[in-house]
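Accompanying notes for the structure given below.
Throughout, read-outs are computed from the coordinates displayed, never taken from laboratory work. Here the structure is a predicted model, which means the values were calculated and not measured. Counting neighbours? That spans all protein chains shown, and the Cβs are built from the backbone with ideal geometry, glycine included.
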Amino acid sequence: MKLKTHKALSKRVRVTKNGKVIKRHSGQNHFNARNPGKITRNKRRDQTLSEAYKKAVETLIP
């Protein structure tokens, strides 16, 4: 039987060609004026998940 893709995770996470797992930074929608500029700039970049999460993501997104 084929494995099904975990759709909630597949909408939040992307696997690159080299196997890195990338997600968007959380908390970007509103209440950003109270944050320092350094945090606001860092939220624009995508975030790479650690190697510990990589195995869990590979089982959920075959």
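Whether any residue in the range 26-40 is at positive phi and more than 13 Å from the chain's Cα centre (by Cα) is what I want to check. Yes - at least one qualifying residue is present in the range 26-40.
Taken over the range 17-58, the criterion of being under 29 Å from Met1 (Cα atoms), surrounded by fewer than 10 Cβ atoms within 10 Å (Cβ to Cβ) and not charged (D, E, K, R) is satisfied by Asn18, Gly19, Ala52.
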